[in-house]
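Written out below as structure tokens is the structure these notes cover.
The values are calculated or read from the model by the stated rules, or taken from the named source; none is laboratory data. In this text, all values refer to a predicted model and were calculated from it rather than measured experimentally. With ideal geometry, Cβ positions are generated from the backbone for all residues, glycine too; neighbour counts draw on all protein chains shown. These accessible areas exclude ligands, DNA and RNA; they are computed on the full protein's heavy atoms, side chains included. Shrake-Rupley method; radii C 1.70, N 1.55, O 1.52, S 1.80 Å.
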Amino acid sequence: MTSPQTVGGLLTRAAADAPDRRALTVPDGAGSWTFSQLLRDARAVAHGLLSEHQPGDRVATMVPNGADAVLLQLGTALAGMTLVPLNVRTTPDEIDHALRLSGAAVLYTADEADRAGAHTGAPIRALGSWHEVAREGGAELPEVMPRSLAQIQLTSGTTGRPKGVRIRHDASVVTARSFASRLGSPAGSVWVNPMPLFHTAGNVLGTLGALSVLAEQVVLAFEPAAVLRAAAQHRASLLAAAPTLLHMLRTHPDFGGADLTALRVIYTGGSTMTADFLSSVETSFGARVSVAFGMTETCGAALQTAPFDDADETRWSTVGIPLPGTEARVVDPSGVPAPPGSPGELLLRGPGVTDGYHDDTAATAAAFDEDGWLRTGDLATVDGAGRYRIVGRSKELIKSGGENVSPVEVETVLEADPAVERAAVVGLPDDRWGEVVVAFVVPSAGRAGSLRTEALETHCRRHLSRFKVPRRWFVVGELPLTGSGKVRRAELRRLAREDV
């Protein structure tokens with residue numbers, strides 16, 4: 001009997017409860033599946049994997065958003081193997097690191113031609129489609145235990161070499177269910193999911209979240225016109241998109257003509273957002289936002305706002321309350337709980353939290369305190385009602401002249417200037433000050449030629465203490481982002497150092 005606390009159990013239950021309801025659609029005629037058809041084809045993939053590998057083996061994938069990614073994820077889970085999903089833009093050296101770290105038995109990739117530089121011993125299989133893996137029939141699928149390993153996900157790599165986050169079956173299933181429940185999404189909803197399926201935001205919150213509430217998942221790679229078209233044609237009730245992607249959608253020429261009247265909820269997260277930004281998103285899309293805070297280490301979500309039950313101020317200014325079963329606390333540097341409203345490091349504990357980093361006991365020990373709380377590295381406050389606000393990254397605090405500078409605070413001030421579309425702030429070592437504040441700004445549309453850093457400095461001096469005002473400026477066309485939409489601050493620091 002398949003445990004309901006496993007990925008395979010979640011799929012099996014959905015197929016039993018709504019066999020003929022549509023489960024997965026890939027737009028533009030690429031295919032669609034009912035829940036029973038999705039289970040059938042995922043089982044075929046599992047049988048194909050078991051014809052070459054053993055339960056417990058690690059299966060790496062590097063395929064774009066689409067049916068291949070979904071069926072390989074579900075098939076790997078049913079086969080009792082561990083998925084190692086990689087970004088399709090991963091370089092050969094990064095591939096080698098990921099495969100060696102995870103001990104993958106094979107890498108299935110959509111394009112083998114540009115992967116020759118990966119020198120791991122694992123075979124690389126070019127994959128035209130999931131059909132090439134699938135096999136009909138075969139031996140009984142293995143029993144998969146809830147606490148067995150479902151995925152090893154590489155951290156986003158904003159700093160240092162990526163680590164392999166261990167994600168259990170039960171952790172991913174309980175997170176998906178809690179996330180979908182907080183959304184208030186009824187059965188039969190249509191979720192448009194352009195979030196990367198190599199990331200927990202795409203394959204746990206998206207794929208498994210939709211399965212848990214019997215929603216149809218429309219999967220595609222992010223491209224503004226295609227996402228708008230899919231949302232309109234499939235009458236999407238939910239759209240998942242990181243803040244950067246939401247901006248790209250609502251500034252696209254097709255936005256005004258897209259019929260989004262069925263849209264009820266926009267799920268977003270992954271970076272700190274202002275109340276003005278979230279309010280304007282709701283106005284633009286005619287839908288309520290649900291903001292989640294999470295990490296790969298928490299299967300993508302640990303705190304979340306409720307789009308219909310939370311007041312405007314809660315939805316726009318907080319990341320809500322913990323998901324059921326999850327504990328959260330804010331502590332000062334000595335580990336003592338911070339008073340309500342005072343910033344401190346956010347700690348998390350609960351059923352959706354990883355049990356550590358694969359084959360890295362030192363990193364695992366550093367990530368947890370003696371009571372099993374995960375140190376997120378994020379600065380937060382909590383109010384008297386138990387609602388949390390993220391105010392920055394403790395690891396990204398800039399220490400200038402003995403004073404702490406929160407990059408998020410400076411970025412918020414900069415992005416309030418109409419000439420600035422986006423901003424990112426980092427610290428650069430300085431002999432006199434310890435660190436100086438460096439700002440990278442992306443001009444608003446039509447302002448590239450007129451943006452003056454002198455005016456931005458004056459603007460900052462009106463709203464910030466002198467030690468928080470950037471001392472160096474870079475005007476750029478775009479900010480470097482990770483696959484999950486986070487700013488690559490390490491890359492910005494490198495660029496700043498090279499320009500000294």
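Things to note:
Conditions tested, residue by residue: (1) small (Gly, Ala, Ser); (2) touching a residue at least 12 places away in the same chain (Cβ under 8 Å); (3) closer than 25 Å to residue 233 by Cα.
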residue	(1), (2), (3)
264	no, yes, yes
270	yes, yes, no
281	no, yes, yes
287	yes, yes, yes
295	no, yes, no
300	yes, yes, no
312	no, yes, no
315	no, yes, no
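- Qualifying residue in segment 66-87 (condition: at pLDDT below 95 and open to solvent by 20 Å² or more (accessible area, probe 1.4 Å)): yes
- Residues that are without any contact (Cβ under 8 Å) to a residue 60 or more places away in the chain, of a type in the set (A, V, I, L, M, F, W, C) and over 21 Å from residue 444 (Cβ atoms) were ranked within segment 252-262; the one that is surrounded by the most Cβ atoms within 10 Å (Cβ to Cβ) is 258.
- Residues of segment 464-500 satisfying the condition of being basic (Lys, Arg), closer than 21 Å to residue 416 by Cα and outside any loop (DSSP other than H, G, I, E, B): 466, 468, 472, 489
- Yes/no for residue 102 being open to solvent by 10 Å² or more (accessible area, probe 1.4 Å) and not charged (D, E, K, R): no
- When the strands (runs of 3 or more DSSP E) confined to segment 351-460 are screened for residues that are buried (at least 19 other Cβ atoms within 10 Å of the Cβ), touching a residue at least 60 places away in the same chain (Cβ under 8 Å) and within 23 Å of the chain's Cα centre (by Cα), those reaching at least 2 such residues are found at 374-382, 388-393, 420-430.
- Scanning segment 126-167 for residues that are modelled with pLDDT of 95 or more, in a strand (DSSP E or B) and open to solvent by 20 Å² or more (accessible area, probe 1.4 Å) gives 149, 166.
- Considering residues of segment 168-181 that are open to solvent by 10 Å² or more (accessible area, probe 1.4 Å) and out of contact with any Asp or Glu (no Cβ under 9 Å at 6 or more places or on another chain) only, the residue farthest from residue 230 (Cα to Cα): 170
- Hits in segment 461-481 (condition: open to solvent by less than 30 Å² (accessible area, probe 1.4 Å) and modelled with pLDDT of 90 or more): 469, 470, 479
- The number of residues in segment 203-221 being polar (S, T, N, Q), assigned to a helix (DSSP H, G or I) and either open to solvent by less than 10 Å² (accessible area, probe 1.4 Å) or in contact with a Gly (Cβ under 7 Å, 6 or more places away or on another chain) (or both) comes to 2.
- The number of residues in segment 256-290 that are aromatic (Phe, Trp, Tyr), within 20 Å of the chain's Cα centre (by Cα) and over 21 Å from residue 412 (Cβ atoms) comes to 1.
- Picking from residues in segment 229-251 that are of a type outside the set (A, V, I, L, M, F, W, C) and either touching a Leu at 6+ places or on another chain (Cβ under 6 Å) or at pLDDT 95 or above (or both), the one that is surrounded by the most Cβ atoms within 10 Å (Cβ to Cβ) is 237.
- So residue 94, is it farther than 17 Å from residue 207 by Cβ, part of a loop (DSSP other than H, G, I, E, B), open to solvent by 10 Å² or more (accessible area, probe 1.4 Å) and of a type outside the set (Gly, Ala, Ser): no
- Residue match in segment 335-342 (condition: touching a residue at least 60 places away in the same chain (Cβ under 8 Å), touching a strand residue (DSSP E or B) at 6+ places or on another chain (Cβ under 6 Å), closer than 16 Å to residue 382 by Cβ and not in a loop (DSSP other than H, G, I, E, B)): no
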